[in-house]
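The values are calculated or read from the model by the stated rules, or taken from the named source; none is laboratory data. None of the values given here were measured: they were computed from a predicted structure. Cβ atoms come from the backbone with ideal geometry, glycine included; neighbour counts cover every protein chain shown. The area values use the complete protein model at the heavy-atom level, side chains included, leaving out ligands, DNA and RNA. Shrake-Rupley method; radii C 1.70, N 1.55, O 1.52, S 1.80 Å.
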Amino acid sequence: MGVWFEEAGSGAPVVLLHSSAADARMWDPLWVELAARFRVVRLDFRGFGRSPWAAQEPYTDAGDVADVLDGLGVREAAVVGASHGGRVALEVATARPDLVGRLVLLAAGMGLPPTPELRAFGQAEDAFIEADDVEGAVRLNVDTWLGPEAGEAERIWVAEMQRTAFELQLAADPEPTAGHLPIDLAAITAPAVVVSGVHDLPYFQDTARTIAAGLASAELVELAWAGHLPSIERPGEVTRLLLDRLGDLSGRLSG
């Protein structure tokens, strides 16, 4: 499979799934503090960070996540997903409700039809890539996904992660076949915290409200300061949110 992952700490398992504008390094500022309380696992999806993107059989990121957790002997975990990682978390929770005991979704996607502003972003990104202007595509992503709380260091950091993803994916020949598993909000039994940023694209704010309304047990948290990547914009505040919402996991989840 070739998916890079790591784990640290002990206790109730907590899995961190990254945005497609980043890779597993986006969790660095939260890692030590979370590992002091939980058994934390993070991975790089194929074509991101330290995971190669090579043509093999068709695959899904959700399937890779389940395979990693099964290989580690994790029977049930809290899953924290950012953006694309949030969509993957919902796919895993639909396909394997036994595996997901809690969800925290940070500006999650779920594959709703694109709105005009998201469609415009995609067209602009495609135009940069078709013109072999990777740096233009990187700048577009940084400008789109980081909110006003992000400083220059955060912009440079996200640019590095996004650049790595573009380089890995553009080098793949032939391209692997990546798919998605279906999401059925009504079938998801895990309680969820659904986090939305006021400075994010309207598409993701609407998606957060749709997810929260469709789940059996969900708390919607709207962050007035946040863009699309709150754990990068204010990592300390997001760490505190996670510790607060996941603090009762001891003895509830097995790993």
Of the candidates ASP98, ASP61, ASP244, which one comes out as most mobile in a Gaussian network treatment of the chain with C-alpha springs shorter than 10 Å? ASP244
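Given a Förster distance of 51 Å, report the FRET efficiency between ASP206 and SER10 from their Cβ-Cβ distance, rounded to the nearest 0.05.
Details: r = 39 Å, r/R0 = 0.76.
Using R0 = 51 Å, I get an efficiency of 0.85.
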Computed magnitude of the charge dipole of the chain (debye, nearest 20; Cβ of K, R +1, Cβ of D, E -1): 920
In degrees, nearest 10, range 0 to 90: what is the angle between the Cα axis of helix 84-95 and the longest Cα principal axis of the chain? 40
Across region 96-104, in residue order, what do the Karplus-derived ³J(HN,Hα) couplings come to in whole Hz, using 6.51 cos²θ - 1.76 cosθ + 1.60 with θ = phi - 60° and x for Gly and Pro? 9, x, 5, 8, 10, x, 7, 10, 10
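Tell me, what % of the accessible area of the chain is carbon and sulfur with a 1.4 angstrom probe?
Values: 5360 of 10430 Å².
The nonpolar share, carbon plus sulfur, comes to 51 percent.
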The chain: angle of helix 152-171 to the longest principal axis, Cα-based, in degrees nearest 10: 80
Angle check, please: helix 134-145 long axis (alpha carbons) against the longest principal axis of the chain (alpha carbons), in degrees 0 to 90, nearest 10. 50
Simple Cβ-charge dipole of region 14-106, Lys/Arg +1 and Asp/Glu -1, about Cα centre, in debye nearest 20: 260
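Can you tell me the mean projection area, over all orientations, of the convex hull of region 79-205's alpha carbons? Units nm², please. Could you put the intermediate results ahead of the total?
Details: hull surface 35.5 nm².
Quarter of the Cα hull surface area: 8.9 nm².
Semi-axes of the equivalent ellipsoid for region 30-131, please: Cα gyration tensor eigenvalues, times 5, square-rooted, ordered largest first, whole Å. All intermediate terms of the calculation are to be shown ahead of the outcome.
Values: eigenvalues 149, 57, 44 Å².
In descending order, the three semi-axes are 27, 17, 15 Å.
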Label ALA186 and ASP132 with points 7 Å out from Cα along Cα→Cβ: what is the distance between them in nm? 5.2
For LEU17, which sequence-distant residues (separation of 5 or more, or a different chain) have an amide H within less than 5 Å of its own amide H, given hydrogens modelled in the peptide plane? VAL80, GLY81, ALA82
Percentage relative contact order, the chain, counting C-alpha pairs under 8 Å, at least six apart: 25
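At 10 °C and a viscosity of 1.306 mPa s, what translational diffusion coefficient does Stokes-Einstein give for region 70-114, taking Rh as the Kirkwood radius over Cα pairs? Give it in µm²/s as a whole number. Kindly include the intermediate steps, with their values, before the conclusion.
Details: Rh = 10.7 Å.
Taking Rh from Cα pairs, D becomes 148 µm²/s.
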Only Cα pairs within less than 10 Å get springs; with that Gaussian network setup on the chain, which residue of ALA213, ALA89, ALA22 has the largest fluctuation? ALA213
Taking a spot 7 Å from the Cα of ASP173 along the direction of its beta carbon, which residues of region 119-142 have an amide N less than 18 Å from it? 129-134
Over the chain, with a Gaussian network built from C-alpha contacts below 10 Å, which listed residue (THR177, THR210, THR60) shows the highest mean-square fluctuation? THR177
How many angstrom lie between the Cα centre of region 79-142 and the Cα centre of region 183-248? 14
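Can you tell me how the chain classifies by the Cα gyration tensor, rounded, prolate or oblate, using a/c under 1.5 as the rounded cut? If you can, show how the numbers build up before the last one.
Numbers: a/c = 1.44, a/b = 1.25, b/c = 1.15.
In terms of gyration-tensor shape, rounded.
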Among PRO58, ALA24, PHE48, the residue whose Cα sits farthest towards the positive end of the charge dipole of region 19-75 (+1 at Cβ of Lys and Arg, -1 at Cβ of Asp and Glu, taken about the Cα centre) is ALA24
